[in-house]
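Have a look at the structure below, then the notes.
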Amino acid sequence: MSKQLLETIRCENGQPSNLSYHQQRVDRSLKQLGYSLHLDLASLIKVPDNALYRCRIVYDATSINIEYIPYQKRVVRTLQTIQADPLDYTLKYADRTDLDRLFAQKGDADDILIVQNGLITDTSIANIAFFDGTKWLTPKHPLLKGTTRARLLNEKKIFESDIYIDDLKKFTHFALLNAMIGFDEIKNGIIAPIKGVNDVV
């Protein structure tokens, strides 16, 4: 897998959102890969105008490329559960080959819900949280610890928990979490288990 890293930042009204959380992840990722450099996102990001953009930053020890892509939200209401035990995406790599391979198995669903060792992790593009009637729970061991997930945990709006496939029937609905959509609550969404019968969550 390529060692190039990716950061996706929501930019609106000329400003990047939740920049401190993105900076923390960039710093942590560079350190984990042994890169002895600092990228100051605040000075690097130059939003072209007040429209809504997906700021896409691809970087490594020797290069950085920044794009501002007009953003249009992708509607996700149905998820196909996929088993993917060998997958490692603890760092946000630009190379999404393994995730794309899993996404290709979604069938008629809008996205996939990835399971490792019986535990729910993430969708292909977002962390996930489930409402149990009292509070929002998010998987304790996601594939990728997203910046929106980190912020909502700090704000005590969501709480970590081990969530097994069999736990899905306990929840009333779910929400998707990422830098572009924030906390996107999905009511009457459908999660199709690995063996095929649809569960409404």
Tell me, yes or no, whether the range 132-145 has at least one residue that is of a type outside the set (S, T, N, Q), in contact with a Leu (Cβ under 6 Å, 6 or more places away or on another chain), surrounded by 14 or more Cβ atoms within 10 Å (Cβ to Cβ) and not assigned by TED's automatic domain parsing to the domain that holds R56. no
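Test I125 against the criterion of being in a loop (DSSP other than H, G, I, E, B), of a type in the set (A, V, I, L, M, F, W, C) and closer than 26 Å to R28 by Cβ, and give yes or no. Working first, answer last.
Details: in a loop (DSSP other than H, G, I, E, B): yes; of a type in the set (A, V, I, L, M, F, W, C): yes; closer than 26 Å to R28 by Cβ: yes.
Judged against the criteria, I125 is a match.
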Between a first residue in the range 161-183 that is under 21 Å from V75 (Cβ atoms) and a second residue that is among the aliphatic types (A, V, I, L, M) and assigned to a helix (DSSP H, G or I), which pairs have beta carbons less than 7 Å apart while being 6 or more apart in sequence or on different chains? L177/L152; F183/L152
Output for the range 81-118, where each listed residue is surrounded by fewer than 16 Cβ atoms within 10 Å (Cβ to Cβ), assigned to a helix (DSSP H, G or I) and not charged (D, E, K, R): T97
Please work out which one of (1) within 16 Å of the chain's Cα centre (by Cα); (2) aliphatic (A, V, I, L, M); (3) within 21 Å of G14 (Cα to Cα) is the condition I69 fails and give its number. (1)
Report, by residue number, each residue of the range 32-64 that is modelled with pLDDT under 95 and either in the same structural domain as I181 (by TED's automatic domain parsing) or under 21 Å from the mean Cα position of the chain (by Cα) (or both). Q32, L33, D60
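The values are calculated or read from the model by the stated rules, or taken from the named source; none is laboratory data. Everything numeric here is computed off the predicted structure, so don't read it as measured data. Please note: Cβ atoms are built from the backbone with ideal geometry, for glycine as well, and neighbour counts cover all protein chains shown.
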